[in-house]
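What follows is a set of notes on a single structure, which appears directly below.
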Amino acid sequence: MMYKKILQKLVMVTMLTMFSSMVFSEEQTWKVNLKDADIRAFVSQVADITGYSFVIDPRVKGKVTVVSNASMDQAAVYEMFLSVLGVHGFAALPGAGVIKIVQQNNAKQIAQDEKMLKRLPSEQIVTRVIQVNNASALELVPILRPMVAKYGHLAGVAAANALIVSDHLANIRRISKIITELDSPSKYELEVVQLQEAWVGDMVKLLEELAPAELGKGGKKGSANKFSVVADQRSNRLILRGDESFRDKMRVLISKLDQPSSTGGKTKVIRLKHADAGDIAELMKGLMGDITSEETKGKGQKTTEASVYADDGLNALVVRAEPSLLQELEGVIEQLDIRRAQVLIEAAIVEISDSTDNKLGIQWALFDKGASIPGAFTNFGEIGVSTANILGAIAGKDSGNDLDVSQLAPSNGITFGFGEQKNSGVSWGALIQALEGDAGTNVLSTPKVITMDNQESSIIVGENIPIVTGQSSSGGSSTSNPFTTIERQDIGVKLVVTPSISEGDLVRLEIEQEISGVSESTTASDIVTTKRQIKTNVLADNGETIVLGGLITDNVTESESKVPLLGDIPFLGALFRSTSKKVTKQNLLVFLRPTILRDKESTRAVTNEKFDELWELNLSIKAAQGEDQEDLEQLVKPSIDSVYKRMEIR
């Protein structure tokens with residue numbers, strides 16, 4: 001027992017003196033010599049030297065022996081400390097303010113804070129990601145795995161083509177140098193192969209099927225794309241990337257596959273979604289002619305044969321051409337076959353007219369039965385009943401006929417008649433007629449039409465009236481078949497418009513606006529029509545209201561009839577005159593508003609808006625007819641689809 005106590009004291013003295021400090025210049029150094037020292041006491045002494053705090057796993061136990069005659073600074077002591085731990089199967093991992101001492105097998109599963117150490121020792125266990133640029137990371141894993149310690153870790157990431165390594169820092173540096181030597185791009189080159197007959201798009205698909213391992217189709221999911229075949233469709237060339245053996249293999253396959261087609265071309269049916277097959281076919285024929293001219297101009301080469309046909313029933317194109325030309329035509333057709341914008345054209349035709357008519361006249365009649373000149377009278381035709389009408393009616397009555405009242409019917413306004421019949425046979429009479437008229441009209445027409453971009457559309461609202469152009473009503477030696485020829489003419493509001501949408505939602509409109517009607521004139525032998533027309537080209541922004549044109553007229557018609565000499569007498573001459581003055585004013589304006597409808601949502605919104613206007617008009621009519629407002633508010637507006645059915649409005 002005494003011997004054991006003496007031995008323990010000697011060990012403690014040795015441990016206390018093994019870290020005896022020596023000063024060389026101004027740097028403190030230590031010499032380390034241990035023999036069968038407890039590992040926990042060893043950790044405690046290193047903590048005193050380095051100033052680090054350590055947390056020791058309960059499973060960390062054992063004796064350590066260190067023999068060194070060299071002086072070491074603080075960093076060298078910690079480096080030696082890590083080596084001693086590694087020899088005994090332990091590792092020191094820096095964490096949040098402390099260094100954890102754990103078993104090496106668990107080191108790769110514990111997070112580390114490398115910033116805690118000023119300089120990472122070469123024996124420190126760390127985790128690094130090594131990027132592989134040219135070689136396959138997965139292929140390097142089995143090569144490098146034997147170089148990693150058993151308690152370390154090595155894995156490959158296919159998506160990033162990188163390696164994840166957990167090991168001592170010195171070993172990771174060694175592995176990085178090996179990877180740099182293996183990851184050499186010197187043998188991977190690019191090569192361009194010009195195809196003569198086949199089309200590059202089809203060739204790439206064939207090569208991917210024939211070489212799935214190299215091109216990543218059907219091979220290992222984690223393989224890197226170190227081999228590739230890219231199609232240059234512009235020049236019908238293939239670009240190969242890989243080593244010499246891969247390029248030789250691809251070159252042989254390409255030469256066997258690049259053969260003339262047995263059909264001499266390629267036929268494809270392209271169904272159009274929006275464009276018209278006939279229009280596209282004409283455009284494609286012109287385009288193919290230009291391509292042929294460019295390829296054969298001054299070169300003497302064979303022409304590029306291609307043909308395109310339109311199937312109007314299916315609205316499809318049948319295209320037959322060489323693969324390179326077919327690919328180009330498909331691209332052009334795809335850009336042309338797009339949904340075309342529509343334009344809602346709303347026109348407002350406003351016509352305001354006002355007319356006044358003032359007439360005043362006095363007619364005299366004198367009759368002397370026994371005189372050589374039996375009578376005299378004035379006959380003014382400006383207004384009302386003329387004296388000739390009255391005498392004609394009296395003469396008819398004297399002949400035994402009934403009095404023709406239609407000839408005595410007064411005109412509008414007021415009519416006074418007075419006179420006297422004497423026994424001597426002399427009779428006289430006077431007729432005073434006065435008329436003042438005022439008429440005003442306000443006409444508003446709002447035609448609307450929706451049409452596609454660059455497509456003419458028209459709307460006509462009115463009547464179709466007959467007009468006699470020739471007739472023969474009596475038969476004779478030269479005319480055996482009496483006839484009447486009639487020509488029908490549209491009368492009303494007519495709108496013809498062709499919109500063209502440009503960039504920036506600017507609409508160019510080619511417009512023909514016509515307003516026609518039937519005149520009330522009774523002087524012509526046949527129907528008299530009126531016509532007002534506008535033909536113009538305008539520019540308007542989307543939703544902008546513009547005025548197309550207008551017509552303002554102001555007509556004044558004055559007429560006067562009088563008795564010579566008597567009608568010129570001042571003041572008294574008014575009794576022998578008849579005057580008429582008619583003033584007509586008319587103002588006509590045409591407004592227009594285009595609205596661009598680029599998609600079905602815009603079209604649906606416009607449709608719902610107009611349907612709502614129709615419903616509001618229906619309610620207004622019912623309200624004007626006296627229906628109760630509460631009953632009208634209870635009415636439910638039907639859906640827009642109900643316009644195709646029987647719409648019930650209660």
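In this structure, V636 qualifies as out of contact with any Pro (no Cβ under 8 Å at 6 or more places or on another chain), open to solvent by 50 Å² or more (accessible area, probe 1.4 Å) and either closer than 30 Å to I432 by Cβ or not in a strand (DSSP E or B) (or both).
When segment 323-351 is filtered for residues that are open to solvent by less than 10 Å² (accessible area, probe 1.4 Å), part of a helix (DSSP H, G or I) and either touching a residue at least 60 places away in the same chain (Cβ under 8 Å) or not hydrophobic (A, V, I, L, M, F, W, C) (or both), the ones remaining, listed by number, are L326, I333. Within segment 587-619, the set of residues being under 25 Å from L548 (Cα atoms) and open to solvent by less than 30 Å² (accessible area, probe 1.4 Å) comprises L588, V590, L592, P594, I596, L597, V606. Taking the listed residues A135, A107, the one that is surrounded by 14 or more Cβ atoms within 10 Å (Cβ to Cβ), of a type in the set (G, A, S) and in a loop (DSSP other than H, G, I, E, B) is A135, with no other qualifying.
Taking the conditions (1) in contact (Cβ under 8 Å) with a residue 40 or more places away in the chain; (2) under 30 Å from I239 (Cα atoms) in turn, L215 satisfies each one other than (1). Would segment 338-347 turn up any residue that is at pLDDT 70 or above and farther than 30 Å from T595 by Cβ? No: segment 338-347 contains no residue that is at pLDDT 70 or above and farther than 30 Å from T595 by Cβ.
Restricting attention to segment 314-337, the residues that are acidic (D, E) and at pLDDT 80 or above total 3. The selection criterion, being open to solvent by less than 60 Å² (accessible area, probe 1.4 Å), touching a residue at least 24 places away in the same chain (Cβ under 8 Å) and either among the basic types (K, R) or under 30 Å from T498 (Cβ atoms) (or both), does not hold for T584. Test of understanding: among A96, A76, A47, A70, which residue is open to solvent by less than 30 Å² (accessible area, probe 1.4 Å) and either of a type outside the set (D, E) or within 16 Å of K31 (Cα to Cα) (or both)? Residue meeting the stated conditions: A47. Scanning segment 90-104 for residues that are in a loop (DSSP other than H, G, I, E, B) and modelled with pLDDT of 85 or more yields a total of 1. A count restricted to segment 54-67 and to residues that are outside any strand (DSSP E or B) and either touching a residue at least 60 places away in the same chain (Cβ under 8 Å) or open to solvent by 60 Å² or more (accessible area, probe 1.4 Å) (or both) stands at 3. Between K108, K118, which is modelled with pLDDT under 85, in contact with a His (Cβ under 6 Å, 6 or more places away or on another chain) and of a type outside the set (V, I, T)? Going through K108, K118 in turn, the sole match is K108.
Scanning segment 462-489 for residues that are open to solvent by 80 Å² or more (accessible area, probe 1.4 Å) and either at pLDDT 80 or above or touching a Lys or Arg at 6+ places or on another chain (Cβ under 6 Å) (or both) yields E463, I486, E487, R488.
Would it be correct to say that S245 is modelled with pLDDT under 85, assigned to a helix (DSSP H, G or I) and open to solvent by 30 Å² or more (accessible area, probe 1.4 Å)?
Yes.
Checking each residue in segment 267-283 for being basic (K, R) and in contact with a strand residue (DSSP E or B) (Cβ under 7 Å, 6 or more places away or on another chain) picks out K268, R271.
For segment 146-162, does any single residue satisfy the condition of being in a helix (DSSP H, G or I) and in contact with a strand residue (DSSP E or B) (Cβ under 6 Å, 6 or more places away or on another chain)? Scanning segment 146-162, I find no residue that is in a helix (DSSP H, G or I) and in contact with a strand residue (DSSP E or B) (Cβ under 6 Å, 6 or more places away or on another chain), so the answer is no.
The values are calculated or read from the model by the stated rules, or taken from the named source; none is laboratory data. What you see is a predicted model, and the numbers here were worked out from it, not measured in a lab. No Cβ is skipped: glycine too gets one built from the backbone with ideal geometry, and neighbour counts run over all protein chains shown. Please note that ligands, DNA and RNA were not included when accessible areas were found on the heavy atoms of the full protein model with its side chains. Shrake-Rupley method; radii C 1.70, N 1.55, O 1.52, S 1.80 Å.
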